[in-house]
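Participant: Please read through the structure below; I'll follow up with questions.
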Amino acid sequence: MRHLLDTRTLGRAEALRILDVAEDMRDTQSREIRKLPTLRGKTIVNLFFEDSTRTRISFEAAAKRLSADVINFSAKGSSVSKGESLQDTAQTLQAMGADAVVIRHGASGAPHTLATSGWITAGVVNAGDGTHEHPTQALLDAFTIRKRAFGHASRGRDLSGIRVTIVGDILHSRVARSNVWLLTTLGAEVTLVAPPTLVPQDVSAWPTSIRYDLDEAIAARPDAIMMLRIQLERMNAAYFPTEREYARRWGLDPARLNALPEGSIVMHPGPMNRGLEISADAADSPRSTVLEQVANGVSVRMAALYLLLAGERDDRDDQGRDDQGAADAADAPGRPAREESAR
Ligand code: NCD
């Protein structure tokens, strides 16, 4: 694997390979000494142009557990225009000998620009770009769903027959987009639920069904329900009447939690707005996998960094792509727009 930029063009075999390596990584994390020597001597730069708590820490933990050197570069607040600052920063990283760059950026497409610009030779991992994609989040979500569904028998399995319902601010969510592509590639049936104002215009081209009523979606008995954060910082207009009204119609309140079928799980990528999209009852219930998702995130990111830096380095074109995939990618939702997202 040369880069990990999106799940839209990630093939099934490649996705399963990352999940299976993540299983191996997870097994090493229950040992007394959790640090592996695998990436000793490699330098990984965390380049965060946007706020992040768990994703940045998760990548840092993953890199350190593989014995890589980690440099954290937090570029938030930089007033230089993004195009320029990205090039300058990239060239600085190149001069410092970065082997991999983990980038989070407010502009959709920034990781792709970095990977294809020729500014750096390092592998690039997208840690969230604008409203476009967040591939490692989707991989850790798929890992969590698979683990809950199949336990020890997870390795090699896809998500055929599993029903996942994603609820909330789909419009602004890179987590939703990455999950739609990855989960459907893995065979899951994905349903989106949102107020009409928070549904992207091009959603009809997505391999999902869409509902506007959360109670009906719950009655359809999902195996996993994924609640999304209302991204107020990306909203420059009123997308719903009041927060109270949103919580009443699209929030996972105690009654809806109880209506979920037995064995189904409640997911959230964090950070949660408790009382808005998810009630405290749901967030803290035994069904909630929120903390499992965080723990699995480290294993999945270890796997991604491993495959990028220690896996077949000569296998440069092996990204599960084919020409059709590349052509389709041009029509992908939230495709690289290279604009600042509204904050
Ligand atoms: C998500 C993100 O930043 O895209 N959070 C995360 O990575 N854990 C989702 C969000 O911010 O709502």
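Participant: Got a number for carbon plus sulfur as a percent of segment 135-292's accessible area, 1.4 Å probe?
Facilitator: Answer for segment 135-292 is 49 percent, counting heavy atoms of protein chains only.
Participant: Follow-up. By accessible area of protein heavy atoms, probe 1.4 Å, what ranking do Glu262, Glu245, Glu277 get, highest first?
Facilitator: Working: Glu262 180, Glu245 50, Glu277 0 Å².
Listed by decreasing accessible area, they come as Glu262, Glu245, Glu277.
Participant: Also, quick follow-up: Calculate one ³J(HN,Hα) per residue across segment 191-199 by plugging θ = phi - 60° into the Karplus curve 6.51 cos²θ - 1.76 cosθ + 1.60, and present them in order as whole Hz with x for glycine and proline.
Facilitator: Rounded to whole hertz, the list is 10, 9, 10, 6, x, x, 6, 10, 9.
Participant: Rounding to the nearest 20 debye, state how big the charge dipole of segment 96-188 is about its Cα centre with +1 on each Lys and Arg Cβ and -1 on each Asp and Glu Cβ.
Facilitator: Values: 9 positive and 6 negative charges, 87 e Å.
Around 420 debye, computed over segment 96-188.
Participant: Please report, to two decimal places, log10 I(q)/I(0) for segment 44-141 at q = 0.16, 0.18, 0.21 Å⁻¹ as given by the Debye formula with identical point scatterers on the Cα atoms and no solvent.
Facilitator: Calculated log10 I(q)/I(0) at the listed q: -0.61, -0.79, -1.10.
Participant: Assuming 0.36 nm per residue, please report the length gained on full extension of the stretch Arg221 to Asn258 beyond their Cα-Cα distance. If you can, show how the numbers build up before the last one.
Facilitator: Details: separation 37, 0.36 × 37 = 13.32 nm, distance 1.20 nm.
Contour length minus Cα-Cα distance gives 12.1 nm.
Participant: Also, quick follow-up: Give me the one-decimal nm value for the distance between modelled label points at Asp284 and Arg31, 7 Å along each residue's Cα-to-Cβ direction.
Facilitator: 3.7 nm
Participant: Stretch Ala205-Asp51 to full length: gain in nm at 0.36 nm per residue minus the Cα-Cα span?
Facilitator: Details: separation 154, 0.36 × 154 = 55.44 nm, distance 3.06 nm.
Full extension from Ala205 to Asp51 adds 52.4 nm.
Participant: Here is a further query. Among all helices in the chain defined by DSSP H, which have a length of 15 Å or more along the axis from Cα atoms plus a Kyte-Doolittle mean of at least -1.0?
Facilitator: Going by DSSP H runs, the hits are 12-28, 54-65, 82-95, 135-150, 174-185, 290-309.
Participant: Follow-up. If you line up the Cα atoms of segment 157-278 on their principal axes, what length do they span on each, largest first, in Å?
Facilitator: Computed over segment 157-278, the largest-to-smallest principal extents equal 41, 32, 24 Å.
Participant: So how exposed is Tyr212, as accessible area in Å² (1.4 Å probe, rounded to 10)?
Facilitator: 110 Å²
Participant: When the dipole is taken about the Cα centre of segment 135-292, and only Lys, Arg (+1) and Asp, Glu (-1) are charged at their Cβ, what size is it in debye, to the nearest 20? Can you show the working numbers first?
Facilitator: Values: 18 positive and 18 negative charges, 75 e Å.
Here segment 135-292 has a charge dipole of around 360 debye.
Participant: At a Förster radius of 22 Å, what calculated FRET efficiency corresponds to the Cβ-Cβ distance of Gln91 and Ile71, to the nearest 0.05?
Facilitator: On the way: r = 15 Å, r/R0 = 0.68.
That gives a FRET efficiency of 0.90.
Participant: I would also like to ask the following. Ignoring everything but the protein chains, give the 1.4 Å probe accessible area of Lys42 in square angstrom, nearest 10.
Facilitator: Around 60 Å² of this residue is reachable by solvent.
Participant: A further question on this structure: Not counting ligands, DNA or RNA, and with a 1.4 Å probe, what is Arg229's accessible surface area in Å² rounded to the nearest 10?
Facilitator: 50 Å²
Participant: Further question on the same structure: Among Glu32, Glu60, what's the order by accessible area (1.4 angstrom probe), most exposed first? Intermediate results must be reported in sequence, preceding the final value.
Facilitator: Details: Glu32 180, Glu60 35 Å².
Solvent-accessible surface, decreasing: Glu32, Glu60.
Participant: In the chain, if every C-alpha pair distance is counted and binned at 10 Å from zero, what percent goes to each bin?
Facilitator: Each 10 Å bin holds this share of Cα pairs: 6, 27, 35, 24, 8, 0.
Participant: May I pose another question? Would you work out which of Leu4, Gly123, Val294 lies farthest towards the positive end of the dipole of the chain? Charges go on Cβ: Lys and Arg +1, Asp and Glu -1.
Facilitator: Sorting the options by dipole projection puts first Val294.
Participant: Here's something else I'd like to know. Is there a quick way to get the dipole size of the chain? I mean about its Cα centre, with the Cβ of Lys and Arg at +1 and of Asp and Glu at -1; what is the value in debye to the nearest 20? Please list the in-between numbers first.
Facilitator: Values: 42 positive and 45 negative charges, 155 e Å.
With only Lys, Arg, Asp and Glu charged at Cβ, the dipole is about 740 debye.
Participant: Another question, if that's okay. Under 5 Å between amide hydrogens, which residues at least 5 positions from Val125 or on another chain qualify, with H placed 1.01 Å from N in the peptide plane?
Facilitator: Those lying under 5 Å, H to H, from Val125 are Leu4, Val101, Val102, Ile103.
The values are calculated or read from the model by the stated rules, or taken from the named source; none is laboratory data. Since this is a predicted model, take the numbers as computed values, not measurements. When we count neighbours, we look across all protein chains shown, and the Cβ atoms used for this are built from the backbone with ideal geometry, even at glycine. Each accessible area value is taken on the protein alone, full model and side chains, heavy atoms only, with ligands, DNA and RNA left out. Shrake-Rupley method; radii C 1.70, N 1.55, O 1.52, S 1.80 Å.
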